[in-house]
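In what follows, a structure is listed as structure tokens, so that the remarks can point back to it.
We did not get these values from a lab; they are worked out from the coordinates using the rules stated. What you see is a predicted model; the values in this text were computed from it and never measured. No Cβ is skipped: glycine too gets one built from the backbone with ideal geometry, and neighbour counts run over all protein chains shown.
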Amino acid sequence: MPLDKDTLRVTLLGTGIPDPGINAFGTSTMIEAGDEKVLIDCGRGTVIRMAQVGFPIGFTDTVILSHYHSDHYSGIFDMVMTGTIRQPWSNRGGPLHVYGPKGIEDIAEGAWQVTKPDRDIRVADGESDPEDMRIIPHVYEEGVVYDRGGLVIRAIEVDHGEFIRPAFAFRVEYKGHVFVHSHDTKYNENLIANAQDADVFIHEVAAARPETLANYPKVKIAIDHHSTPTDVGKVFAQTKPKIAMLTHLVLLRPDPMKVSEVTAQIAEEYDGLVMVAEDLMTIDIGKNISIIPFHHGQLGNLEQARR
Ligand SMILES: [Zn+2]
Ligand SMILES: [Zn+2]
């Protein structure tokens, strides 16, 4: 399905957590609107998920990172290196612009070192321009990070724990359509204030049984960085999105809670529709809101990427 010029398209490439599971890769979300294409977060396996939906690696040269947990940026090194290969599935043909909170310069500098051996080989072979393997760092703070072609992406400072400051959620707007993604955060008033009137609001969640919390101190540490189902229910009740969706489900072991138990707890606070995100889902926010799972949608995206 070609992208309508008035539609904001969101493709959930990765909806997972650090656990290396095959069904949910590290967080990564492709935003398309008009001629604009921006990737938000670049977790493990991003380029594989992009290939699955027919996006060449060079589909965008712009990445925005929410915070520096590895499940949100470990895929960036693969993207910056493999993206330089001159093949139809890759073909970036320029550096990668990466917007991040303070510290992004360190990642850019580190990437330049990490990619050197591969770069030296490919440059010697005349395969690529060394500058194509550079990350150009851009530091952002709360407020507008991206404003081009009618697409506006605004960073909202959230609370993901005292050693992960700053961390950001994003509000994405295009022609009156609104998509909000919490990324990683505890219950947060600033996010609630900035997530009003969303067409689609995707929020993370973390859950553990009371006995797990009592017996495993590390589980308590993990939960303290995230939003419980009760928290998420309160956030949705206070923001009333048209579509509420869960992502980044941290269901702590042993004896992890079932997703149906998580949604039952959310229902104590919020009586609206709650969906659960999965990798490769396409969300089109236009004349209506269409949510298309991969097995129905991938052919449409392939066509579009090949145009
Ligand atoms: Zn995470
Ligand atoms: Zn995190």
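Please report the net charge: other residues with Cβ closer than 12 Å to the Cβ of Gly34, K and R +1, D and E -1. Write out the running numbers ahead of the final one.
Working: positive: Lys5, Arg9, Lys37, Arg148, Lys175; negative: Asp4, Asp6, Glu32, Asp35, Glu36.
Once positives and negatives cancel, what remains is 0.
List the residues, sorted by chain then number, that are 5 or more residues from Val178 or on another chain and whose placed amide H is less than 5 Å from its amide H.
Asp199, Val200
With labels modelled as points extended 7 Å from the Cα through the Cβ direction, what inter-label distance (nm, one decimal) is found for Asp255 paired with Ile136?
Roughly 5.5 nm, to one decimal.
Treat every Asp and Glu Cβ in the chain as -1 and every Lys and Arg Cβ as +1, leave all other atoms uncharged, and give the resulting dipole magnitude about the Cα centre to the nearest 20 debye.
On the way: 29 positive and 44 negative charges, 91 e Å.
For the chain, the charge dipole is close to 440 debye.
Between Arg209 and Tyr68, what's the calculated FRET efficiency when r is the beta-carbon distance and R0 is 25 Å? Round to 0.05. It would help to have the intermediate numbers written out before the result.
Values: r = 30 Å, r/R0 = 1.18.
Calculated transfer efficiency: 0.25.
If R₀ is 35 angstrom, what is the calculated FRET efficiency for the pair Val144 and Val123, using the beta carbon separation as r and rounding to 0.05?
Plugging the Cβ-Cβ distance into 1/(1 + (r/R0)^6) gives 0.45.
Pop the C-beta distance of Ala237 and His97 into the FRET formula with R0 = 35 Å and round what comes out to the nearest 0.05.
Numbers: r = 37 Å, r/R0 = 1.07.
Given R0 = 35 Å and the Cβ-Cβ separation, E is 0.40.
Towards the positive end of the charge dipole of the chain, with charges on Cβ (+1 Lys, Arg; -1 Asp, Glu), say which of His138, Gly83, Ile17 has the farthest Cα.
Checked the options; the winner is Gly83.
Mind checking which lysines have their C-alpha under 21 Å from Lys258, skipping anything on the same chain fewer than 8 residues away?
Qualifying lysines at Cα under 21 Å: Lys186, Lys218, Lys220, Lys234.
How many angstrom lie between the C-alpha centres of region 13-36 and region 133-206?
Centre-to-centre (Cα) distance: 15 Å.
In nm, what is the difference between 0.36 nm times the number of residues separating Lys220 and Arg86 and their Cα-Cα distance?
Difference between extended and current length: 43.5 nm.
Under the rule a/c < 1.5 gives rounded, and otherwise a/b versus b/c splits prolate from oblate, where does region 20-148 land using the Cα gyration tensor? All intermediate terms of the calculation are to be shown ahead of the outcome.
Working: a/c = 1.41, a/b = 1.23, b/c = 1.15.
In terms of gyration-tensor shape, rounded.
What is the spin-label model distance, in nm, from Glu269 to Asp78 if the labels are put 7 Å beyond Cα along the C-beta direction?
3.3 nm
Could you tell me whether region 8-306 comes out rounded, prolate or oblate from its Cα gyration tensor? Rule is a ≥ b ≥ c as square roots of the eigenvalues, rounded for a/c under 1.5, then prolate if a/b exceeds b/c, otherwise oblate.
prolate
Under 26 Å between alpha carbons, and skipping anything fewer than 8 positions from Lys287 in its own chain: which lysines qualify?
Candidates past the 8-residue exclusion: Lys5, Lys37, Lys175, Lys240, Lys242.
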